[in-house]
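Here is the structure we will look at, set down as structure tokens.
Computed from the coordinates by the stated procedures, all read-outs in this text should not be read as laboratory data. In this text, all values refer to a predicted model and were calculated from it rather than measured experimentally. Please note: Cβ atoms are built from the backbone with ideal geometry, for glycine as well, and neighbour counts cover all protein chains shown.
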Amino acid sequence: MKVSSIPLELFNICKRTVEQHHGEHGFGKLSSDIETPDNINTLALIPEASAVLKTNNLYYQIRKWCFMASIGFVILTVVIPWWSLSILVLIFLVDRILAYREKNGWKFLSTVLLSLEFLVNDFSGWGSAYPDERAEAAGVLGANPESPQSTWLDYYLPKRAQMDPTLLKTFEPSIPQK
């Protein structure tokens, strides 16, 4: 499955939901929530998601090296001139840029997982509107059609049953394509 198989409108709704949630609650342990064996197996079946996951891991490794280099430069101030500590500013900037990109990667991955669950669980009619995509998403998630998982739906929309119907309508597909 490719990310392009997910209806664009659904992907954008899920992206907005993810960004709104993390804007209010922060990122906490999102990376560790995504890096479970089931999620990794699911994301590995989606080329774009697999690439983002690998890139995020690379960013994390580089950020660890930036941290070690900054400690090394502080220790070396005994031997080198103090003004060479200006390199720490560069290291800090690199770290912050990579952290920002890493966060965007985690948001992308959680958007993909949430979109798949929208389809598989037929949340707000997405699975009915896009039956082929629903079947493909169920295959990728390894979901049982009678009782599909709702890990990410529960994470981002925990009290769906008590949600206002007008708010739920904002999650519905505008015009079913199939």
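With the Cα gyration tensor of the range 46-110 in hand, give its eigenvalues times 5 under a square root as the equivalent ellipsoid semi-axes, listed largest first in whole angstrom.
Computed over the range 46-110, the values are 32, 10, 6 Å.
Considering only lysines 8 or more places apart in sequence, or on different chains, count the pairs in the range 1-114 whose C-alpha atoms sit under 20 Å apart.
Count of close lysine pairs: 14.
FRET efficiency for Gln61 and Leu85, Cβ-Cβ distance as r, R0 = 22 Å, nearest 0.05?
My answer for the efficiency is 0.35.
Once you place label points 7 Å from the Cα toward the Cβ at Asn41 and Phe73, how far apart are they in nm?
Going from the Asn41 label point to the Phe73 one covers 4.4 nm.
Calculate for the chain the 222 nm mean residue ellipticity that helices alone would give, adding -39,500 (n - 2.57) per DSSP H run of length 4 or more and normalising by residue count, nearest 500 deg cm²/dmol.
-22000 deg cm²/dmol
Measure off 7 Å from each Cα along the Cα-to-Cβ vector at Asp154 and Glu24, then give the distance between these two points in nanometres to one decimal.
Result for the modelled spin labels: 1.9 nm.
Under a Cβ-only charge scheme (Lys and Arg +1, Asp and Glu -1), can you give me the dipole magnitude of the range 7-47 about the Cα centre, in debye to the nearest 20?
Its charge dipole is roughly 80 debye.
Summing Lys, Arg as +1 and Asp, Glu as -1, what charge do residues with Cβ under 14 Å from the Cβ of Leu88 carry, Leu88 excluded?
0
Give me the net charge for the shell around Leu114: Cβ to Cβ below 11 angstrom, other residues only, Lys and Arg +1, Asp and Glu -1.
That works out to +1.
Once R0 is set to 22 Å, what does the formula 1/(1 + (r/R0)^6) return for the Cβ-Cβ distance between Thr170 and Lys2, expressed as a FRET efficiency to the nearest 0.05?
The pair Thr170/Lys2 has a calculated efficiency of 0.25.
Sort all Cα-Cα distances of the chain into consecutive 10 angstrom bins from zero, then give the percent of pairs in each bin up to the one containing the longest distance.
All Cα pairs, binned at 10 Å, distribute as 9, 33, 28, 14, 9, 5, 2 percent.
Lys and Arg at +1, Asp and Glu at -1: add these up for the other residues within a Cβ distance under 11 Å of Ile62 and post the number.
Spelling it out: positives minus negatives among the neighbours equals +1.
State to the nearest 20 debye the size of the charge dipole of the chain about its Cα centre, where the only charges are +1 on K and R beta carbons and -1 on D and E beta carbons.
In total the dipole reaches around 620 debye.
In the chain, if the dipole is taken from +1 on Lys/Arg beta carbons and -1 on Asp/Glu beta carbons about the Cα centre, which of Gly139, Leu85, Ala44 is farthest to the positive end?
It is Leu85, whose Cα lies furthest towards the positive end.
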